[in-house]
Each structure stands twice: as structure tokens, then as C-alpha cells.
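Here's the structure, in C-alpha cells; my notes come after.
Where a number appears in this text, it was derived from the coordinates with a stated rule and is not lab data. Note that the structure is a prediction, hence the values are computed from the model and not measured. For neighbour counting, all protein chains shown are included, and Cβ atoms are generated from backbone atoms with ideal geometry for every residue, glycine included.
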Amino acid sequence: MFFVLSKTNTIGNQFLAELRDAETQQDRLRFRRNQERIGEILAYEISKKLKYITREVQTPLGTAIVEVPATQPVIGTILRAGLPFHQGLLNVFDKASSAFITAYRKVRKNGDFIINIDHIATPNLDGKIFILCDTMLATGQSMVQVCKELMAMYSIKELHIAAVIASTVGIEHVKANLPKAHIWVGAIDEEMTSKAYIVPGLGDAGDLAYGEKV
């Protein structure tokens, strides 16, 4: 499954436009909320692919038969930029457990970088549907490395990758290294800078959401 929100005309495109807009970005609360909104929309789309069971619900006037998800996913995010996006997914899958991963780019003297994973805090993922979300899917290296680390530790039943903005390079890297993963993104951009920032992208999502880091 490969879903791109911007390929359809929905209100989601308004939220993406505000996330990208340099002037609107100055409102940190709105920037975080728009990430949440994209997370909520993608969570709704993901929910269409889950398995459902029939449940009887007693109302004040009778019994209603409804279809509800058979299980809740586990939602993971890479700190820190992905926190608002993660919250959006969690707003929809409100009974889901969460996983948090600390990973960052360690830049070498020649300008290349490697991904360092410092810490993983996760529930047991054996037999679980796992959604790993991050605001930006640039090179895809962080997503792939984190997923491979978790798949080495647990027998994950179904893997989903979610991002607000992705690059074509990042998408191809995920497809090549995680061929069974379902991919859900807000939009895809074609270019990246020499420092692996997506163009036009939206800038540094972590700094825009929480302030500049030293």
C-alpha cells in the first residue's frame, strides 16, 4: 500500500500548505496542530486497511451492531520533530500503545553522516501492527535503520511508515529495504540539498515546532 494525501483534493492540502508557508510557520502552535491534523487524516486512511470485528452496543433504545477494529496498532516516533505528528495518529487510534526512539544524524568530517540510535522505549511488538511516523522522510535512512532494529528484536505482524513530507529518494530507499512496509505520506518532493534537506520541504520541523536547538 502506497498512499499520498496530496494526490487528492481534500482539506488536507490546506494543512500541508500552512505547514510549508514560511509566514504561517511563525505560529508554533499552528505548526504543531497542522502536523497533528495530517496525522489524524493519515490515521483515518490507515484505519481502512485494518481488520474489523462485529460488536453489539447497547443504546438507550436498543442494540446497535457496529464494526470496530479487531486490534489497536502500536505507534512509534523518532524524537523530537515527529511528536506532534505522532499525537495526531494517537488522537485517532486513542487506545494505541506508543514507542519512542532517539535517533540522530552524526555528521562526519567529509560531510557524510550516519544514523545513531541512542535509545528505544517500546512495548512488546510481537504480532503487532506497528506504525513508525516521522515528520520528514528525507534519505529514509533513519526510518529503515529503526525498523530493522525493531524487526530484529520483535516479530512485527504488519509495518506501516508514515511521514508528512517525503523525498523521492527516501521513498525509494524505504521500498528497497522494507519491501513489505505500507507507506503513507502527506506529499512527496523531488529534490534534496547536499545536506539531505527536502526541497521545497518545509524547513527544520523540530526547530519550527519547539524552537532552535544548540
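Per 0.36 nm of contour for each residue apart, how much would the distance between Arg55 and Gln72 grow if the chain were fully extended, relative to their Cα-Cα spacing?
Full extension from Arg55 to Gln72 adds 4.6 nm.
Averaged across orientations, what area in nm² does the convex hull of the alpha carbons in the chain project?
The directionally averaged projection comes out at 13.7 nm².
Pairs of lysines 8 or more apart, or on different chains, with alpha carbons under 20 Å: count those in the range 1-133, would you?
9
Given Cβ point charges of +1 (Lys, Arg) and -1 (Asp, Glu) and nothing else, what value in debye, to the nearest 20, does the dipole of the range 84-214 about its Cα centre take?
380 debye
At what distance in angstrom do the alpha carbon centres of the range 69-100 and the range 150-214 lie from each other?
Their Cα centres are 16 Å away from one another.
Taking amide H atoms as placed 1.01 Å from N in the peptide plane, list the residues 5 or more away in sequence, or in a different chain, whose amide H sits under 5 Å from that of Ala162.
Under 5 Å from the amide H of Ala162 lie the amide H atoms of Leu132, Cys133, Asp134, Trp184, each far enough along the sequence or on another chain.
Compute the distance in nm between two label points, each set 7 Å from the Cα along the Cα-to-Cβ direction, one at Thr193 and one at Leu29.
If labels sit at Thr193 and Leu29, their model points lie 3.0 nm apart.
How far is helix 141-153 tilted, in degrees, relative to the longest principal axis of the Cα atoms in the chain, given as a value from 0 to 90 rounded to the nearest 10?
Helix 141-153 and the main axis of the chain meet at about 50 degrees.
Report the full-extension gain for the segment Lys7 to Asp94: residue separation times 0.36 nm, less the Cα-Cα distance, to one decimal in nm.
28.6 nm
If the viscosity is 1.567 mPa s and the temperature 4 °C, what translational diffusion coefficient in µm²/s does Stokes-Einstein give for the range 33-149 when Rh comes from Kirkwood over Cα pairs?
D = 81 µm²/s.
Helix 83-92 versus the longest principal axis of the chain: what is the Cα-based angle in degrees, 0 to 90, to the nearest 10?
Approximately 10 degrees, to the nearest ten.
Looking at the range 161-214, which GluC sites (Glu not before Pro) are in a loop (DSSP not H, G, I, E or B) and have at most 13 other Cβ atoms within 10 Å?
Glu190, Glu212
Report the antiparallel proportion of the DSSP beta bridges in the chain as a percent, rounded to a multiple of 5.
Here the antiparallel bridges make up roughly 40 percent for the chain.
Under the Karplus relation 6.51 cos²θ - 1.76 cosθ + 1.60, θ = phi - 60°, what is the ordered set of whole-Hz ³J(HN,Hα) values for the range 127-139, x standing for Gly and Pro?
Values, residue by residue: x, 9, 8, 10, 10, 9, 10, 8, 4, 10, 10, 8, 6 Hz.
Can you check what the net charge comes to around Lys51, using other residues whose Cβ is under 14 Å from the Cβ of Lys51 (Lys, Arg +1; Asp, Glu -1)?
Once positives and negatives cancel, what remains is +3.
Take every Cα pair under 8 Å in the chain that's 6+ residues apart, average their separations, divide by the length, and report that relative contact order as a whole percent.
The value is 21 percent.
Within the set of other residues whose C-beta is less than 15 Å from the C-beta of Ala64, count the net charge using Lys and Arg as +1 and Asp and Glu as -1.
Once all neighbours under 15 Å are counted, the net charge is -1.
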